[in-house]
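Take a look at the structure set out below.
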Amino acid sequence: MRKVVDFIAFQTIWVACVWGAGKGYGWLGPATLGAWLPAYLFLSKRRKEEALLAAVCGMIGFGVDTLHTLLGIFMPARFILPDPFCPLWLLALWINMAPLINSSLSWLHGRYFLALLFGALGGPLAYWSGMRLGAISFGQQQPFGLLVLACSWAAMFPLLLWVSNRLRSVGVVSTLKNTACLLVSPQRGGVKNYLRNWYIIING
């Protein structure tokens with residue numbers, strides 16, 4: 001029953017964020033999330049881990065979609081924050097992922113290849129739906145933009161699952177340290193080192 005409630009809440013917040021942004025009500029999604037998330041955390045048995053997971057989802061999402069916007073992959077409806085920063089309604093969508101990861105999507109924990117496929121398919125579909133509702137636009141580069149989003153979500157969704165697992169198993173400090181190591185490794189050691197760190201962290 002709890003998973004059903006969490007899924008309904010996720011979909012409600014998604015619609016509030018995307019429909020609201022498309023209609024010029026960019027505040028609607030963040031306000032809906034603000035009403036739901038405290039209640040979810042209050043009922044959770046792992047409040048600290050869930051709150052930190054929501055924060056990590058938000059930080060990663062803010063960085064990723066700011067980069068997408070900066071590169072011209074898509075253009076989101078603006079709300080408060082100026083271009084190219086990720087608008088608050090889109091940030092709310094990333095934070096909204098956190099409760100779902102440990103609830104309706106808990107069956108994907110440890111199944112990283114399935115999570116990769118789920119992200120590669122579900123991510124672009126969500127953004128395409130956002131375009132249909134007027135919340136984002138791709139301009140003349142829609143096929144390329146959807147391909148980039150598929151690649152981004154194929155990497156980000158397994159990462160978020162891994163962060164959730166690590167928060168529950170090894171604690172906050174170790175998780176943040178390893179996540180930072182994984183995110184900066186491409187700059188320090190190239191692709192080979194990046195893939196090696198992926199293997200060590202996921203299996204360690």
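Read-outs: derived from the displayed coordinates by stated rules, not from any lab. Predicted model, so just to flag it, every value in this text is computed and none were measured. Cβ sites come from the backbone with ideal geometry, for glycine too, and all protein chains shown count toward neighbours.
From the list Phe10, Phe42, Phe62, exactly one residue is crowded, with 18+ Cβ neighbours inside 10 Å and free of Cβ contacts under 8 Å to residues at least 40 places away in the same chain. Which is it?
Sole residue among the options that is crowded, with 18+ Cβ neighbours inside 10 Å and free of Cβ contacts under 8 Å to residues at least 40 places away in the same chain: Phe62.
Quick check, is Ile60 under 22 Å from Pro87 (Cβ atoms), outside any helix (DSSP H, G or I) and under 17 Å from the mean Cα position of the chain (by Cα)?
no
Where residues in segment 113-141 are surrounded by fewer than 18 Cβ atoms within 10 Å (Cβ to Cβ) and among the aromatic types (Phe, Trp, Tyr), which of them is farthest from Lys23 (Cα to Cα)?
Filtering first and then ranking leaves Phe113.
If Gly26 passes every condition in (1) touching a residue at least 40 places away in the same chain (Cβ under 8 Å); (2) of a type outside the set (A, V, I, L, M, F, W, C); (3) not in a loop (DSSP other than H, G, I, E, B) but one, which one does it miss?
All conditions pass for Gly26, except number (3).
If I filter segment 83-96 for residues that are touching a Leu at 6+ places or on another chain (Cβ under 7 Å), within 21 Å of Ala155 (Cβ to Cβ), buried (at least 22 other Cβ atoms within 10 Å of the Cβ) and of a type in the set (A, V, I, L, M, F, W, C), do I get at least one hit?
The answer is yes, given that some residue of segment 83-96 is touching a Leu at 6+ places or on another chain (Cβ under 7 Å), within 21 Å of Ala155 (Cβ to Cβ), buried (at least 22 other Cβ atoms within 10 Å of the Cβ) and of a type in the set (A, V, I, L, M, F, W, C).
Out of Ala16, Ala35, I need the residue that is small (Gly, Ala, Ser), farther than 19 Å from Gly130 by Cα and part of a helix (DSSP H, G or I). Which one?
When all the criteria are applied, what remains is Ala35.
Among the numbered criteria (1) in contact (Cβ under 8 Å) with a residue 60 or more places away in the chain; (2) among the hydrophobic types (A, V, I, L, M, F, W, C); (3) out of contact with any helix residue (DSSP H, G or I) (no Cβ under 7 Å at 6 or more places or on another chain), which single criterion is violated by Cys57?
(3)
If only one of Phe118, Phe113 is without any contact (Cβ under 8 Å) to a residue 24 or more places away in the chain and part of a helix (DSSP H, G or I), which one is it?
Only one candidate qualifies: Phe113.
Which members of segment 65-95 meet the condition of being under 16 Å from Ile136 (Cβ atoms), touching a residue at least 24 places away in the same chain (Cβ under 8 Å) and assigned to a helix (DSSP H, G or I)?
Result: Asp65, His68, Leu88, Trp89, Leu90, Leu91, Ala92, Leu93, Trp94.
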